[in-house]
Amino acid sequence: MKQLYRVLPIVLSVGLFGCSNSATQEIANANSATDNEDNFVSQLPNTAPVIKVATTGTMPPFSFQDDYGNMQGIDIDSIRAIGEEQGFKVEFYKETWQNMFDSVESGNRDLAISGISYKTDRDERYGLSKPYFFNPSAIMYAKNNLTINGLSDLKGLHVAGMEGTKQVDQVREMGGYSELSTTTTTFLLFEDLMQDKVDAIVQDLPLLQYTAANHSDHKVVIVPYEDENNPSAQQVILMAKGNAKLINSVNEGVTKLKEKGKFKEIEQKWLGVTAPATNSNTTTQQAN
């Protein structure tokens, strides 16, 4: 079965701190325009500081690898843009979801970015940036005998989510489900749904939209259930709690790029032509 992070071209037409480990690296190199498929070239001098960035590389459209192993996606473009604005280069390290958090807390990485939503416990434990992207939770299901309009309709069903995410916490808090299982990637969630192992999956709306657009032969329904007033629907960059200098720099960059409309530009690049409206087998509905 096709790996989710190997994006089909037809759809696309649509630190200075810490030490290295065995994680895969991709460096934004100012000296070569051929390092990345999108020809990103830093405009900063070679003397610019380098920030170590933890990212999963398995969560399109936020963070994934191209055919050459380079990092791509909304979050990759976002942190590059912040770096260019604030005068630092970025060096990417591929980590698992949980290792991303651990590596920042231990100081091995300066920050983490990969579809990270605001959570109160994260805010207490880490240094979180200002929000830069609206990222609501959503439900996906495929069975014709189901009608799901929101979280309450998951009661009595076998639900699956990605380990360590806000959606799993939300389902647990609601209760009433017959079973709640977890996986490590969105693709594995989608695979379980398509193989009828679960009744519904919960994940970030853009991840489910992107997955549906890349697997248009499957008929699915996607139901968002958070609005912009919900703090957990906001996406943030995660840093160490005491790293005030980096937190302030990143926040300053977020503010400047919001004013310039840069994040909207990045969103349009990755989501503008992959929304479910272009896929006749995908239905997106508003939660009640």
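Bear in mind that the values in this text are calculations on the coordinates, not laboratory data. Note that the structure is predicted; figures quoted are calculated from it, not measured. Cβ sites come from the backbone with ideal geometry, for glycine too, and all protein chains shown count toward neighbours.
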Per-region count, the stretch 94-116, residues crowded, with 23+ Cβ neighbours inside 10 Å and either within 20 Å of PRO61 (Cβ to Cβ) or among the β-branched types (Val, Ile, Thr) (or both): 9
Yes/no for ILE148 being more than 23 Å from the chain's Cα centre (by Cα), surrounded by 19 or more Cβ atoms within 10 Å (Cβ to Cβ) and either of a type in the set (Val, Ile, Thr) or closer than 30 Å to ILE266 by Cβ (or both): yes
Counted residues, the stretch 155-202 - those being surrounded by fewer than 17 Cβ atoms within 10 Å (Cβ to Cβ), of a type in the set (Ser, Thr, Tyr) and assigned to a strand (DSSP E or B): 2
